[in-house]
Amino acid sequence: MSSTQEFTETLQAWSEVFMQQSMQGFIHFAKEQKLSMSQLGALFHLSRKGHCGVSGIGEDLGVSSAAASQMLDRLVQAGFITRVEDPADRRARRLQLTESGRVLVQATTEARQRWFSELAKQLDKSEISAATETLRLLTLKTRTLEKETPCCD
């Protein structure tokens with residue numbers, strides 16, 4: 001087996017463990033909060049973008065504007081998002097996170113990443129150092145690939 005193939009297989013194995021562990025915390029938190037994955041997706045979309053319209057959320061989640069609107073109504077009622085007048089078009093409404101919504105997004109991220117601390121406790125100093133350097137390198141190379149790969153928003 002070539003070193004590239006071994007690296008690829010090892011990285012794939014890590015990705016599977018990473019996704020399973022991080023999503024386990026994410027899903028558990030969502031259930032505790034009584035939120036659907038679509039609702040959390042909408043909150044994260046607004047967290048990234050700052051604000052947008054119903055159609056932007058619908059496109060991001062792959063649902064119709066009507067379905068997005070119903071789901072977003074529940075988030076407005078829960079106090080996680082608010083509808084405000086769009087300064088560029090007074091007929092349109094923008095959605096944005098409330099402070100409660102921002103706190104919820106942060107708590108969701110923390111729940112998803114809590115297992116990192118548990119993993120770190122399993123490593124000694126030299127393992128932590130080696131893993132940190134490797135992850136820094138992979139992050140740098142991945143960001144280089146992002147710049148080279150055309151993307152649309």
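Bear in mind these aren't lab numbers, they're just calculated from the coordinates by the rules spelled out. All values reported here derive from a predicted model rather than from experimental measurement. Reconstructed Cβ throughout: ideal geometry from the backbone, glycine too, with neighbour counts over all protein chains shown.
By the helix-only formula, in which each DSSP H run with n ≥ 4 contributes -39500 (n - 2.57) and the sum is divided by residues, the chain has a 222 nm mean residue ellipticity of -25000 deg cm²/dmol. Between SER69, SER117, SER38, the GNM of the chain built on Cα springs shorter than 10 angstrom shows SER117 fluctuating the most. Amide H contacts under 5 Å for ILE81: VAL76, THR98, restricted to partners 5 or more places along the chain or on a different chain, H placed in the peptide plane at 1.01 Å from N.
Proximity of backbone amide H atoms, modeled 1.01 Å from N, is registered between CYS52 and LEU95 at under 5 Å, excluding neighbours fewer than 5 places apart on the same chain.
Other residues lying with their Cβ under 13 Å from the Cβ of THR109 contribute a combined charge of +3, Lys and Arg counting +1, Asp and Glu -1. If R0 equals 22 Å, the separation of the Cβ atoms of GLU127 and SER3 corresponds to a calculated FRET efficiency of about 0.60. Among the trypsin sites (Lys or Arg not before Pro) in region 1-49, those placed in a DSSP loop whose Cβ has at most 12 other Cβ atoms within 10 Å are LYS34.
Here the 3J(HN,Hα) profile of region 33-48, calculated from phi with Karplus coefficients 6.51, -1.76 and 1.60 at θ = phi - 60°, is 7, 6, 10, 7, 4, 5, 5, 5, x, 5, 5, 5, 4, 5, 5, 6 Hz, Gly and Pro shown as x. Taking a ≥ b ≥ c as the square roots of the eigenvalues of the Cα gyration tensor of region 3-123, is the shape rounded (a/c under 1.5), prolate (a/b larger than b/c) or oblate? Cα axes put region 3-123 in the prolate bin.
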